[in-house]
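Working notes, beginning with the structure itself.
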Amino acid sequence: MTDQKTEIDRRSFVAGALGAAAGMGGLLAQNAQAQPPEGREIGTTAGGAIPPEMRRPTRLYRLEADVHDCEITGKVPSDLNGAFYRVGPDAQYPLHPRDIPFDGEGHVSMFRIKNGRVDYKSRMVRNERYLANDKAGKQLFPMYRNPSMDDPSAKGLSRSTANTHIINHRNYLLALKEDSPPAAMDLLTLETKVPTYTFDGQLPSKTFTAHPKLDSVTGNMVAFGYEAEGFGSKTVSIFEFTPQGKLVWNAKVQVPYVGMLHDFAVTEKHIVLYVIPLAMDQKQMDSGGPHWSWDNTLPTYFGFVRRGGDGKDVQFIKGPTRSATHIMGTFDDGKKLFVDVEMSMSNPFPFMPMHDGSRWDPVAGSSHITRLTVDLSKKRPSAYDIEQLYPHVGALPRQDDRYNTVAYRYGFLPCPDPEARPGTGGACYARFDHQTRKATLFNAGTESSLAECCFAPRSATAPEGSGYLMGVATRNTEGGRADLVILDAEHLNDGPVATVHLPMRAVGQIHGWWVPEAQLPKA
C-alpha cells in the first residue's frame, strides 16, 4: 500500500471518488500508479505532509452547458417532476499546486425533469470571488481558506467559492460554502441574482453552513455559522429562518477549539455540534498551506444545546479522536439523543495534511455509518456511546429530507459492494432500513463511479422512503461521460427505471438537492 501511488486530479476526485471514496481510502490504492508532474514541488507543508500523488496541477473544465431534451433509456416516472441540482468545485483559473480538491469556484448543474423529459443546464456561480477573478484574468484566491495568500486586490471581498451544497429558499437557489454567506441564484436559469446573500441583512454570522436543515414540521431552515465572528473565531452562531425568510431565533456558543464543523444535527428540541480534530493550523497557513490539518492529539467533542434557547445551556462531552463530517439522520425520544453519522478513526481525506507530518492512513480513514447516543436523563452526561451500524464503507450519507428533524427509518449511501473483493465489486448505492438493520444495493459496475445520491419522494405526502433515488454516474471507460441514474428507492436492486444520458462529462459534484415541481417558480 505505501509503495503504491494514486493519480487523482481535482475533477476526477470530486466527480467520483469523493462520492464513493472520501471515506474509503482502501479504494484509492487500486488506481494506476503515477508520478507527480515534472516541475511541481513535492514534499511536506509546515506541520503536515500532503502526499505527492495529491499534488496535481489544476485541470480546468468550466464548461457551461445546455442540453435540451436529453436522451433517455427507460422511462422517467410520471410522478417525478422537479429539478435535481448539483454543485462542486471547478477552478476558474489555476490554483496553487499545494491546494486541495475542495477549492475552486462553484459550478452548479441542474437536471430539469418534467412530464417525462429532462433538460440539463450548468452555470458557474458568479459571486464576488468569480467576478474579481474574471476582471483580473487570473486566480486571486490560490489557497483553500488561507486569506494570507490572496492577491492584495481581493482584500475585503467575499472569499466564498459557493461550491459545496445548494438549497432552495424564497424562490432562490442558495449556493453554499461554510466560510462565507451564500450566493443566490435563479432556480430556473441558474443566473446569479445576489452574489452575497445575507437574508436581507438578517444573517447573524459572517459565515453560513453548507448543511442547513429543514424542520420537518414548520419548514423553517435551521442553520449555523462557525468562525462566526471572524477568521479563527471560536464562536458558533445558530439561527432559524422561516420559509418566508424571517429570522426567528439566534443563539451563540463557544466551541472548545476551532475544528471543522462541516455538518450538524437538528431535532425538534436540540442542536448537535460535533467538533472533530481537523483543526485550524495557523503555522501551516503561514507557510502557504490550507486552513486545516488533522491533529490526532485532539479529542472530539459532542456538543448539544437546547433549540430555541439562549445557548447558555450548551454542553460539550469529550470523546475519542474520530472524524464525522456528514449526518445521515438524527432524533431524540425524550430520554436519549441519537445522531447517525459517517465516522472514521482518523483523517478521512487523503489530501488533507496530517499535523504530525505522518502519511495518510487509508484504513483508519475509512468511514462507516455510526450511531452516537447521549443519555439525556443525566443532567451532565460525561460520555456518549459509539455504535457502528453497518459494515459498508462510504461517505456522503443521505435521507428522505422530509425527516431532517424527526425520527427516521431509511438512509442512503454511496459505497462499494461490501461482499466483493477490493476492486471487483463496483460502485453502489445502499439503502439502509434501521428498523431491520438490513441493506439493499444498486451496483453500477466496475466501469462507473457514483456521486452522492439524492432522494425525491413520490409526492409530498408519500410514506418515508417511497420515491426515487438519483445520482450521477461517471462512465470511466467513456472518457468520463456522465449519466443521471434514476432508481425506485424501494427496489434499488432492480436497477434504474430511467437513465438520462449526457453527451459529455458533467461538472464535478460534492452535494446535490432535489426541488419538487410545487416549489419551483413558474417559467
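Data table
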read-out	value
Residue 65 paired with residue 375, simple spin-label distance in nm, labels 7 Å along Cα-to-beta-carbon	5.5
Pair residue 312, residue 155: separation of 7 Å Cα→Cβ label points (nm)	4.1
In Hz, Karplus ³J(HN,Hα) per residue of segment 395-401 (6.51, -1.76, 1.60; θ = phi - 60°; x = Gly, Pro)	9, 6, x, 9, 9, 5, 5
5 angstrom amide H check on residue 167, placed H, neighbours 5+ away	174
Convex hull projection area averaged over all views, the chain, Cα basis, nm²	21.9
Note, ³J(HN,Hα) from phi for segment 495-502, Karplus 6.51, -1.76, 1.60, rounded to Hz, x at Gly and Pro	x, x, 7, 8, 10, 9, 9, 9
Quarter of Cα convex hull surface for segment 131-268, i.e. mean projection, nm²	8.9
Helix-only mean residue ellipticity at 222 nm for the chain, each DSSP H run of n ≥ 4 adding -39500 (n - 2.57), per residue, nearest 500	-1000 deg cm²/dmol
Segment 280-327-segment 436-460 distance, computed between alpha-carbon centres (Å)	30
Within straight-line cross-link reach of residue 378, lysines at Cα separation under 26 Å, skipping those fewer than 8 residues along the same chain	252, 269, 312, 318, 335, 336
Phi-based couplings in Hz for segment 251-266 (Karplus 6.51, -1.76, 1.60; Gly and Pro marked x)	9, 10, 10, 10, 8, x, 7, 7, x, 4, 10, 5, 10, 8, 10, 9
C-alpha center-to-center spacing [segment 466-505, segment 100-169] in angstrom	26
Sites residue 382 and residue 335 - FRET efficiency at Förster radius 25 Å, r taken between beta-carbons, to 0.05	0.90
Distance-filtered residues of segment 71-93 - backbone nitrogen under 13 Å, label point 7 angstrom along residue 523 Cα→Cβ	82
Amide hydrogen neighbours beyond the local backbone of residue 227, cut-off 5 Å, H modeled	235
Amide proton proximity set for residue 307, modelled H, under 5 Å, gap of 5+	270, 271
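All of the numbers you see were taken from the coordinates with simple rules; none came from a lab. Please read all numbers here as calculations on a predicted model, not as lab measurements. Note that each Cβ is placed from the backbone with ideal geometry, even for glycine, and that neighbours are counted across all protein chains shown.
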